[in-house]
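Engineer: Please see the structure below; I have some questions.
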Amino acid sequence: MAISVVMPALEMAQETGKLISWLKKEGDSVATGDPLLEIETDKAVMEIESPGDGILAGVKAAPGDEVPVGQTIAWIVRAGEAPPTDETVEAGKTESGRKMTGPSRAAATTHAVSETLPASQAARISPKARRLAGEHGVDLAAVRGSGPGGEILASDILAAAESRKSSHAATAPANSGSAIARLMAERTTQSWTTVPHFFVVLDVVAEALNEARQRLGPETEKSHAVKLTHSDLLVALVARVLANHPRMNASWTEDGVRENAEVNISVAMAVEGGVVAPVIKNANRIKLGEIAAQRQALTERARTSKLQLADLSRGTFTISNLGMFGVDSFTAIVIPPQAAILAVGAIVERVVAFHGTPTIRPMITLTLSNDHRVVDGAQAARFMKALAETIGDPLKHLSL
């Protein structure tokens, strides 16, 4: 039986995906796991694998098409078999009746959560589209859905809102920016308006941190062919402290606080049009050289828009370092469902009191933003104190 190739849902609240390219031609033989196509989401360009063995047939989407998640875009058939003409696939199953896994199952799940409205308003609407309609004051009864079965998508709401603004404005609306920029705006607004933030700021002596980079840098370059950065050192040190402060590594869920078994550090990186935060997995368990190598590889993939879903998932704590831009200090917005994000400023020589005497020492300002539903002030303060002590003697905690 034929196996459907559907537009997968790779991110929360994703409703469409843009087909970038087919990596196989119609009529080519494919095997399970073969790279089949590339799609673009709000975060990155991602490679999708073949869901089965057979021949690629019945291709229904071309590069550049925006396709609703869950919609069939091609079929994998047996030799001599014609692709089905009916695109309707039972939710959660392939055409052969087998239960979907991975991206295909995720796509079906995404459509399963869409809401049904009275016929006088619309056929169906996704939760995200309903929320956007409320935020932009869009009348759902006046919106024509572009999704399967007339389902109203977030893009339909945004288009309606933009059209309404255009009709009331003498000038054209401002450019909404890249997909990444729009995603950032949406998520940071949601976090800032729903997460009760509080902040803890601490100035830390960075002398030992500088010495650790000077000492371990040449060894890292020799063993892993990568230049060691202060960010690498901080990822390693923060991860090791988090292992002893599980509340700081927890997440807020609908059922309350969940402490995560893994320590996965998201590292904020600037890309064209916004910021992404790829993840270094199990950062408390791997050595410094491996952290540096992973960070360099993730940076390169982010720069070339080649980040994969696995690169961006399962983060439990975020570090955002603007020190390389000469920023003394700043506050960052928590990335739900994570409990905290650490903002790192530049290492700057300052006059400080040392044993009662004014002394010039390299200092770094750390600002911890916290979700008060998960973390209280004492927990955040204990974490920062432990982190400062660890930064004061990094070689004790690190190995290549």
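The values are calculated or read from the model by the stated rules, or taken from the named source; none is laboratory data. Computed from a predicted model, the values in this text were never measured in an experiment. For neighbour counting, all protein chains shown are included, and Cβ atoms are generated from backbone atoms with ideal geometry for every residue, glycine included.
Engineer: Out of the residues in segment 286-324 meeting the condition of being of a type in the set (S, T, N, Q) and farther than 27 Å from residue 365 by Cβ, tell me which one is surrounded by the fewest Cβ atoms within 10 Å (Cβ to Cβ). I'd like the intermediate steps shown before the answer.
Structural biologist: Of all residues in segment 286-324, those of a type in the set (S, T, N, Q) come to 294, 296, 299, 304-305, 308, 313, 316, 318, 320-321.
When the remaining residues are screened for being farther than 27 Å from residue 365 by Cβ, the result is 304-305, 308, 313.
Values: 304: 11, 305: 16, 308: 15, 313: 14.
Filtering first and then ranking leaves 304.
Engineer: Another one. Can you tell me how many residues within segment 297-313 are part of a helix (DSSP H, G or I) and either at pLDDT below 85 or not hydrophobic (A, V, I, L, M, F, W, C) (or both)?
Structural biologist: Kept after step one, since they are part of a helix (DSSP H, G or I), are these residues of segment 297-313: 297-303, 309-312.
From what's left, either at pLDDT below 85 or not hydrophobic (A, V, I, L, M, F, W, C) (or both): 299-301, 303, 309-311.
Looking only at that region, the number is 7.
Engineer: Here's a check for you: in segment 325-343, which residue that is closer than 23 Å to residue 312 by Cα and surrounded by fewer than 18 Cβ atoms within 10 Å (Cβ to Cβ) is nearest to the chain's Cα centre (by Cα)? Spell out the reasoning first.
Structural biologist: Kept after step one, since they are closer than 23 Å to residue 312 by Cα, are these residues of segment 325-343: 331-343.
Checking the rest, the ones that are also surrounded by fewer than 18 Cβ atoms within 10 Å (Cβ to Cβ) come to 331, 336.
Values: 331: 20, 336: 11 Å.
Step by step, filter segment 325-343, then rank; the result is 336.
Engineer: In addition: Could you tell me which of the residues 183, 202 is assigned to a helix (DSSP H, G or I) and either at negative phi or in contact with a helix residue (DSSP H, G or I) (Cβ under 7 Å, 6 or more places away or on another chain) (or both)? Give the steps one after another, and end with the answer.
Structural biologist: Working: 202 fails: assigned to a helix (DSSP H, G or I).
Selected residue: 183, the only one of 183, 202 that is assigned to a helix (DSSP H, G or I) and either at negative phi or in contact with a helix residue (DSSP H, G or I) (Cβ under 7 Å, 6 or more places away or on another chain) (or both).
Engineer: Do you know which residues across segment 269-291 are part of a strand (DSSP E or B) and touching a residue at least 24 places away in the same chain (Cβ under 8 Å)? Break it down into steps so the answer makes sense when it comes.
Structural biologist: Taking segment 269-291 first, the residues part of a strand (DSSP E or B) are 269-271, 274-276, 279-280.
Once the filter is applied, which keeps residues that are part of a strand (DSSP E or B) and touching a residue at least 24 places away in the same chain (Cβ under 8 Å), segment 269-291 yields 269, 271, 274, 275, 276, 279, 280.
Engineer: Further, regarding this structure: Name every residue in segment 23-73 that is outside any loop (DSSP other than H, G, I, E, B) and either among the charged types (D, E, K, R) or in the same structural domain as residue 155 (by TED's automatic domain parsing) (or both), in order of residue number. Don't jump to the end; show me each part of the working.
Structural biologist: Taking segment 23-73 first, the residues outside any loop (DSSP other than H, G, I, E, B) are 29-30, 35-40, 45-49, 54-57, 66-68, 72-73.
Answer for segment 23-73, where residues must be outside any loop (DSSP other than H, G, I, E, B) and either among the charged types (D, E, K, R) or in the same structural domain as residue 155 (by TED's automatic domain parsing) (or both): 38, 40, 47, 49, 66.
Engineer: Right, something else. Across segment 223-250, which residue is surrounded by the most Cβ atoms within 10 Å (Cβ to Cβ) among those that are of a type outside the set (D, E, K, R) and touching an Asp or Glu at 6+ places or on another chain (Cβ under 8 Å)?
Structural biologist: First pass over segment 223-250, keeping only residues of a type outside the set (D, E, K, R): 223-226, 228-231, 233-239, 241-246, 248-250.
Now drop any that are not touching an Asp or Glu at 6+ places or on another chain (Cβ under 8 Å), which leaves 224, 228, 246, 249-250.
Details: 224: 19, 228: 25, 246: 14, 249: 27, 250: 24.
Ranking the qualifying residues of segment 223-250, first place goes to 249.
Engineer: Could you tell me which numbered condition residue 45 fails, if it satisfies all but one of (1) in contact with a strand residue (DSSP E or B) (Cβ under 6 Å, 6 or more places away or on another chain); (2) farther than 15 Å from residue 83 by Cα; (3) at pLDDT 90 or above?
Structural biologist: (3)
Engineer: The conditions are (1) within 30 Å of residue 256 (Cβ to Cβ); (2) touching a residue at least 24 places away in the same chain (Cβ under 8 Å), and residue 378 fails exactly one of them. Which is it?
Structural biologist: All conditions are met except number (2).
Engineer: Looking at segment 49-67 only, could you name the residues that are in contact with a helix residue (DSSP H, G or I) (Cβ under 9 Å, 6 or more places away or on another chain) and either surrounded by fewer than 23 Cβ atoms within 10 Å (Cβ to Cβ) or without any contact (Cβ under 8 Å) to a residue 12 or more places away in the chain (or both)? Can you show your working first?
Structural biologist: Looking only at segment 49-67, we keep the residues that are in contact with a helix residue (DSSP H, G or I) (Cβ under 9 Å, 6 or more places away or on another chain), and these are 49, 51, 66.
Matches in segment 49-67: 49, 66.
Engineer: Out of the residues in segment 205-225 meeting the condition of being at pLDDT 95 or above and not in a helix (DSSP H, G or I), tell me which one is farthest from residue 315 (Cα to Cα).
Structural biologist: 205
Engineer: Looking at (1) assigned to a helix (DSSP H, G or I); (2) farther than 20 Å from residue 387 by Cβ; (3) in contact (Cβ under 8 Å) with a residue 12 or more places away in the chain, find the lone condition where residue 235 falls short.
Structural biologist: For residue 235, the exception is condition (2).
Engineer: For residues in segment 74-87 being surrounded by 12 or more Cβ atoms within 10 Å (Cβ to Cβ) and in a loop (DSSP other than H, G, I, E, B), which is modelled with the lowest pLDDT?
Structural biologist: Here is the first cut: in segment 74-87, the ones surrounded by 12 or more Cβ atoms within 10 Å (Cβ to Cβ) are 74-78, 81, 83-84, 87.
From what is left, the residues that are in a loop (DSSP other than H, G, I, E, B) are 78, 81, 83-84, 87.
Values: 78: 91, 81: 90, 83: 90, 84: 88, 87: 44.
Applying the filter and picking the extreme gives 87.
Engineer: Can you name the residue in segment 388-400 that is outside any helix (DSSP H, G or I) and not charged (D, E, K, R) and, of all such residues, is modelled with the highest pLDDT? If you could, list the steps in order and put the result at the bottom.
Structural biologist: Keep residues of segment 388-400 that are outside any helix (DSSP H, G or I), which gives 392-393, 397-400.
If we keep only those that are not charged (D, E, K, R) as well, we get 392, 397-400.
On the way: 392: 95, 397: 89, 398: 85, 399: 77, 400: 70.
Among them, the one singled out is 392.
Engineer: Specify the residue that is farthest from residue 365 (Cα to Cα); the eligible residues are those in segment 178-203 that are surrounded by fewer than 16 Cβ atoms within 10 Å (Cβ to Cβ) and out of contact with any Ser or Thr (no Cβ under 9 Å at 6 or more places or on another chain).
Structural biologist: Of everything passing the filter in segment 178-203, 178 is farthest from residue 365 (Cα to Cα).
Engineer: Here is a list of conditions, (1) surrounded by 15 or more Cβ atoms within 10 Å (Cβ to Cβ); (2) among the basic types (Lys, Arg); (3) more than 30 Å from residue 35 (Cα to Cα), and residue 281 meets all of them except one; can you say which number that is?
Structural biologist: Looking at each condition in turn, residue 281 falls short on (3).
Engineer: For segment 311-328, enumerate the residues that are in contact (Cβ under 8 Å) with a residue 40 or more places away in the chain and either of a type in the set (A, V, I, L, M, F, W, C) or more than 21 Å from residue 242 (Cα to Cα) (or both). Reasoning before the result, please.
Structural biologist: Step one: filter segment 311-328 for residues in contact (Cβ under 8 Å) with a residue 40 or more places away in the chain, giving 311-312, 314-321, 323.
Hits for segment 311-328 are 312, 317, 319, 323.
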